[in-house]
1. Is the C-alpha gyration tensor of the stretch 176-321 telling us rounded, prolate or oblate? Criteria: a/c under 1.5 is rounded; beyond that, a/b larger than b/c is prolate, otherwise oblate.
2. Quick check: the distance between the Cα centres of the stretch 299-351 and the stretch 77-148, to the nearest angstrom?
3. Please figure out what share of the DSSP beta bridges in the chain is antiparallel and state it in percent, rounded to the nearest 5.
4. Give the long-range amide H neighbours of D176: residues separated by 5 or more places, or on another chain, with amide H under 5 Å away, using H modelled in the peptide plane at 1.01 Å from N.
5. Using 0.36 nm times the number of residues separating A418 and Q247, minus their current alpha carbon distance, what extension gain do you get?
6. Using the Karplus equation 6.51 cos²θ - 1.76 cosθ + 1.60 (θ = phi - 60°), what ³J(HN,Hα) coupling, rounded to whole Hz, does each residue of the stretch 388-395 give in order, writing x for Gly and Pro?
7. Set the Förster radius R0 to 45 Å, insert the Cβ-Cβ distance between S115 and A195 as r into 1/(1 + (r/R0)^6), and round the FRET efficiency to 0.05.
8. How would you rank 431-444, 78-91, highest first, on the average number of other Cβ atoms within 10 Å across their residues?
Amino acid sequence: MTRIALFLLTIFLSAACSPGVPTDTSQPPGWDAQIAAPAAVDVDPSEGTVEVHLEAKLAQLELRPGVTTTVWTYNGQVPGPVIRAKKGQRLRVVLTNHLPEPTTIHWHGVRVPASMDGTPSAQAPVMPGETFTYSFMLLDAGTYWYHPHISSPGQVGAGLYGALIIEDPGERFFGDELVLVLSDISLEDDGSLSAPDAGGWFGDYFGREGDVKLVNGRVRPVVQGRVRQPQRWRMINASRSRVYKLQLPGVSWVRIAGDGGLIDRPQTGSFVLLSPGERAEIMLSPGGEEGARIDVLSLDADRFHTGTPMPPEPLFTLALTAPSPKEPLPLITEPLRTVEAIDTTQAPTRTIELMEKSLDGVGVLGINGKTTSESEPFDVKVNDTEVWELTNTTPYDHPFHLHGFFFQVLDSDGVPPAAREWKDTIIVGPKKHIRVAIHFDDRPGMWMFHCHILDHADLGMMAMFHVLP
């Protein structure tokens with residue numbers, strides 16, 4: 001054996017035996033080739049920084065089989081490239097805008113400086129032909145995503161969104177990993193994009209759901225898996241309005257993470273519920289026989305509470321191959337990490353009412369009696385802690401999203417959550433009262449909170465708060 005071959009073999013064995021990394025693949029070759037979104041390219045060779053270049057531009061893609069659609073993309077793909085970095089690294093993203101209108105990038109769930117939040121209160125729009133560089137430290141491991149915060153319903157609805165995965169090198173192995181960006185898109189019969197204001201006021205008020213459901217930009221894709229070998233699915237709901245309620249028949253699974261990384265203990269359930277903007281990670285172990293095909297079902301979440309949900313539809317398929325020669329890795333049952341409770345003993349309570357009203361004879365949505373244009377920012381100070389009581393006085397669901405800061409759910413109608421975790425988005429049902437605790441760390445600036453049904457935010461269900469130094 002030559003010295004070079006011996007050197008390469010040593011590197012390979014060292015990497016294969018690293019903690020948390022399996023010594024051979026658990027899944028069949030090419031198991032995710034039909035479904036995985038392409039990864040972003042890191043152009044910075046240094047260890048401490050990941051630099052990615054994103055070009056926002058129009059591209060022609062086949063979203064509906066046999067039909068080409070001109071969509072809005074990052075780097076010519078929907079979703080945009082999966083950006084991967086490690087906790088503690090600096091992320092630099094150079095955005096060049098080749099769209100026909102201004103845009104920005106909001107780093108959904110990521111604790112960034114206010115100047116990097118991508119909202120109109122944080123930065124000037126990136127005009128067509130211009131470039132802007134986002135640069136910030138990555139403080140928290142977890143599954144996050146990025147999207148515009150200018151003309152959000154139209155730009156997100158046209159294809160502008162992508163995943164950001166922040167890894168913790170010391171985290172245990174939960175199975176071979178798959179990032180799943182769930183979305184939908186509205187297309188006309190000829191394959192062209194529906195107008196972003198299609199349906200007028202009705203579209204704004206009820207929220208636009210696309211007629212084509214997508215998983216990583218594909219319709220009904222297939223992922224392969226070995227029987228009884230675990231996979232880790234990182235799921236993101238990047239839809240404008242659609243709530244995803246997923247059922248996995250014949251698959252054992254536990255939820256291991258949410259918006260802000262690992263939860264304190266694994267949770268079981270009969271379905272995974274993701275409102276727009278929410279994320280969930282599950283560790284799953286497929287049962288069944290070799291050759292079986294398991295459809296992951298999209299159930300109607302009935303966000304209008306009609307009591308007559310639509311029948312389930314297959315969203316994507318898990319195709320089973322022969323069991324691996326490795327021993328099956330059992331689903332995790334022990335605690336995942338310690339999530340310290342926010343101390344609320346001296347915290348004041350602030351009521352946030354998600355409501356609707358008539359304005360000049362037109363129904364609008366708002367927060368605490370006011371639409372976005374009517375409301376004034378309120379002040380908090382760095383290192384303050386508050387309890388926000390989220391109430392919904394409308395007859396349908398609203399996913400509440402907080403920019404810049406995580407919160408912990410204290411209770412929903414007096415019932416504490418089954419697991420303690422960090423959240424930035426939570427669905428608030430009609431007549432619900434959800435209390436959350438927020439600690440405002442040392443990142444002053446102007447921040448936003450809103451309903452993440454993006455049409456609702458545009459219709460007035462959005463407000464601001466100012467974190468003072």
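1. prolate
2. Computed from Cα coordinates, the inter-centre distance equals 26 Å.
3. 70 percent
4. It is R232, by chain and number.
5. Contour length minus Cα-Cα distance gives 59.6 nm.
6. 3J(HN,Hα) across the stretch 388-395, in whole Hz: 9, 9, 8, 10, 10, 9, 9, x.
7. Once rounded, the FRET efficiency stands at 0.85.
8. Highest to lowest by the protection proxy: 78-91, 431-444.
Any read-out appearing in this document is the output of simple, stated calculations on the displayed coordinates, not a laboratory observation. Since the structure is predicted, the reported quantities are computational estimates derived from the model, not experimental observations. Using ideal geometry, Cβ is built from the backbone for each residue, glycine included, and neighbour counts are taken over all protein chains shown.
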